[in-house]
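Report on one structure; see the data block that follows.
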Number of protein chains: 2
Amino acid sequence: MGVGLVQMSCSASRDANLEKAVARIGDAAAAGAQVVCLQELFTGHYPCQSEDHRQFDAAEAVPGPTTEALARAASEHGVVVVGSLFERRAAGLFHNTAVVLDADGALAGVYRKMHIPDDPGYYEKFYFTPGDARPGFGSVATRFGRVGVCVCWDQWFPEAARLTALSGAEIIFYPTAIGWLPDEREAFGHSQHDAWETMMRSHAIANGVFVAATNRVGHEGPVGDGAPRGVDFWGASFIADPNGRVLARADHEAEETLVVECDLASIETVRTHWPFLRDRRVDAYGDLTRRYVDAPRFDERLS
Amino acid sequence: MGVGLVQMSCSASRDANLEKAVARIGDAAAAGAQVVCLQELFTGHYPCQSEDHRQFDAAEAVPGPTTEALARAASEHGVVVVGSLFERRAAGLFHNTAVVLDADGALAGVYRKMHIPDDPGYYEKFYFTPGDARPGFGSVATRFGRVGVCVCWDQWFPEAARLTALSGAEIIFYPTAIGWLPDEREAFGHSQHDAWETMMRSHAIANGVFVAATNRVGHEGPVGDGAPRGVDFWGASFIADPNGRVLARADHEAEETLVVECDLASIETVRTHWPFLRDRRVDAYGDLTRRYVDAPRFDERLS
């Protein structure tokens, strides 16, 4: 599978962003990509730096104009496209949604972000209702392989990656919009980026799958008080193999389109040499559906 | 919490290994450690390079002579000790067991390894029955903080770390015995070690806890055909903070006793700034108790 990741900066113009993304899908296809992933909410500035009702005007239906544009690009180039958009499902009901367009342009899958963050400058709980599909995590067969998608904040939750892998995903894509607050960048920037990449590499290792993250790049804002100096989106889109090795990593500052060949057959080798799926203790995982497990000893039956 | 990790090589002499471990507990205490973790099965050579019934003779009861020796060391130095031993629970019923001795020498907790590996040179399924306590994962209050323990192969399973953290653990210890097969070391050694450390760092990040691994060091074997040139145990014991930053890491080749001060109060700050526990989708994690989830789409309800 040739994997393409389109790391962009975004302007306020939906048309310009969409045009840029579509052009880069073509570039990636020309460079050998078969599955191309765009970044989270690529049609505009990141909309959640403040809580502003006017931002809802940017939302659209799925399927709708953006999925149709991506479908045309997919079928024109014969590539699978993973896109991300601000979905209006009904009046007052919005999602942070990813879509998978198969290489013939068919809408193969719709994933509504399950884990929604809310932090100063990332006020997503104001905008997005968490996904409610059952199952919420999964994957879809495409012309070039079985594709799972999670979105941004999902990347911090091993449960999301595990459930996506258990559904048969060979690669998990993470469209993402994460950056540094300029005031924190010097003290915490390296550690924050490293933790972010480490988590997704760990999903690759734990599950024996490829993992690819496409992140936004460039400075945006400030908008409102949450991030008083705006956000430096940190780019660094990357793809990791099933051993967690980073095969390619984009720049922290510049736009970049990565294209990497991923040998899906290696999953078989990795999973039989480090056979974690063989040994999961499914009989002992029931408490993962609890919020907290008020301080049990690990040997309550013995004590 | 002052955390001490005792990374040793082991001889065939149980008495010599136990004497060395007890001496190093004293060294760690003198250097400021309050909780000291020994490596997996520290009283002997790693017993699972081959399937040999004679190895069962090394197993012992819990409580028993090793826990009693560790309890004396704990109370003498006023430190918590996390130990590991080959437990004989009944005729034909053995476990790979970790114990927590509180700082007064009391046996505070017994953890029986839940995930059991089986690979050439690591034939643990022949020796060890998987732990069957309910809950299988948890933690125990000690004089210096709430301690969780998992063992070696458990480190590859995010479920184990999550359940341990949900029980209130402030630090998760991993007594470990992992190494390189000499024939693979040049080609895969770096990647294997990096994946191992990455997984445990990810547990620290995902759960906002400290994580500490104590690994064996030195060459052992060969014993039998599974690892025809024996095993180079790779040391590299380490401790990571709740952001996944490695605070200290021991050598790959040499014995070493690490002592690191861990600020448990930082857990509060990390967990409120990256509030992953707030946002877990416990309503959508039910399938984690399934072995595999035969290829669902993520939008079955929509399709």
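Shielding value for A:165-171 is 4, the average number of Cβ atoms from other chains within 10 Å of each residue's Cβ. Ligands, DNA and RNA are left out, and with a 1.4 angstrom probe the accessible area of the range B:147-199 is 22 Å² per residue. Across q = 0.11, 0.13, 0.20, 0.25 Å⁻¹, the range A:106-189 modelled as identical point scatterers on its alpha-carbon atoms has Debye log10 I(q)/I(0) values of -0.36, -0.49, -0.93, -1.23, in the order of the q list. Across the alpha-carbon set of the range A:26-162, the Rg to Rh ratio works out to 0.97, Rh being the Kirkwood radius. Residues considered: B:Thr129, B:Thr272, B:Thr142. Largest GNM mean-square fluctuation over chain B, using C-alpha springs under 10 Å, is found at B:Thr272.
Scalar couplings 3J(HN,Hα) for the range B:281-287, obtained by applying the Karplus form with A = 6.51, B = -1.76, C = 1.60 to θ = phi - 60°, are 8, 4, 6, 10, 9, x, 6 Hz; x denotes Gly and Pro.
What value in Å³ per residue do you get for the convex hull of the alpha-carbon atoms in the range A:138-257?
Numbers: hull volume 13.1 nm³, N = 120.
Dividing the Cα hull volume of the range A:138-257 by its residue count gives 109 Å³.
Distances from A:Leu277 to itself in the other copies, using label points 7 Å out along the Cα-Cβ axis, amount to 3.2 nm in increasing order. Accessible-area loss of 50 Å² or more (1.4 Å probe, protein heavy atoms, chain alone versus all protein chains) is found in the range B:113-142 for B:Arg134, B:Pro135. What the Kirkwood sum gives for the range B:143-203 is a hydrodynamic radius of 12.7 Å, with every pair of different alpha carbons counted.
Bins of 10 Å, beginning at zero and ending with the bin holding the largest distance: percent of Cα pairs per bin for the range B:221-299, please. For the range B:221-299, the pair-distance distribution reads 13, 22, 20, 28, 17, 1. Other residues with beta-carbon under 13 Å from the beta-carbon of A:Ile171 carry, at +1 per Lys or Arg and -1 per Asp or Glu, a net charge of -3. In whole percent, what relative contact order does chain A give with Cα contacts below 8 Å and a gap of six or more residues? So the answer I get is 18 percent.
Quantify how much of the Cα-Cα distance distribution of the range A:2-302 extends past 29 Å, in percent.
On the way: 14705 of 45150 pairs.
Result for the distance tail: 33 percent.
Taking 0.36 nm per residue of separation and subtracting the current Cα-Cα distance, fully stretching the chain between A:Glu51 and A:Arg291 would add 83.6 nm. If I compute solvent accessible area with a 1.4 Å probe over the protein chains, what percent of it on the protein assembly as shown is carbon and sulfur? In the protein assembly as shown, the share of accessible area belonging to carbon and sulfur is 50 percent.
How many partner chain Cβ atoms sit within 10 Å of a residue's Cβ in peptide A:270-279, on average, as a whole number? Walk me through the numbers before you get to the answer.
Values: counts 1, 0, 1, 5, 6, 4, 7, 2, 4, 11.
That works out to 4 on average.
Over all other residues within a Cβ to Cβ distance under 13 Å of B:Gln7, the charged ones net out to -2, with Lys and Arg as +1 and Asp and Glu as -1.
Stretching the chain fully between B:Asp27 and B:Asp263 yields a gain of 82.8 nm (0.36 nm per residue, less the alpha carbon separation). Using a simple spin-label model with pseudo-atoms 7 Å out from Cα toward Cβ, B:Lys125 and B:His252 lie 3.0 nm apart.
Each copy carries a label point for B:Ala248 at 7 Å from Cα along the beta-carbon vector; from one copy to the others these points are 4.2 nm apart, nearest first.
Averaged across the residues of A:102-109, what count of C-beta atoms belonging to other chains lies within 10 Å of each residue's C-beta?
Numbers: counts 0, 0, 0, 0, 0, 2, 3, 6.
Rounded to a whole number, the mean comes out at 1.
Plainly put, the tip 7 Å out from Cα toward Cβ on A:Ala91 is 7.8 nm from that tip on each other copy, the closest given first.
What's the buried accessible area, both sides, between B and A using a 1.4 Å probe, rounded to 100 Å²?
Numbers: alone 13990 and 14020 Å², together 20560 Å².
When B and A are taken together, about 7500 Å² of accessible area is lost.
Count Lys and Arg as plus one, Asp and Glu as minus one, and take only other residues whose Cβ is under 10 Å from that of A:Tyr123; the net charge is then -4. Of A:Val99, A:Val246, A:Val217, the residue with the greatest mean-square motion in the GNM of chain A, using alpha carbon springs below 10 Å, is A:Val246.
Ratio of Rg to Rh for the protein assembly as shown, alpha carbon only, Kirkwood?
Numbers: Rg = 24.8 Å, Rh = 24.8 Å.
For the protein assembly as shown, the value is 1.00.
The values are calculated or read from the model by the stated rules, or taken from the named source; none is laboratory data. In this text the structure is predicted, and so the values were computed from the model without any measurement. Glycine also receives a Cβ, built like all others from the backbone with ideal geometry; neighbour counts cover every protein chain displayed. Note: areas computed on protein heavy atoms with side chains; ligands, DNA, RNA excluded. Shrake-Rupley method; radii C 1.70, N 1.55, O 1.52, S 1.80 Å.
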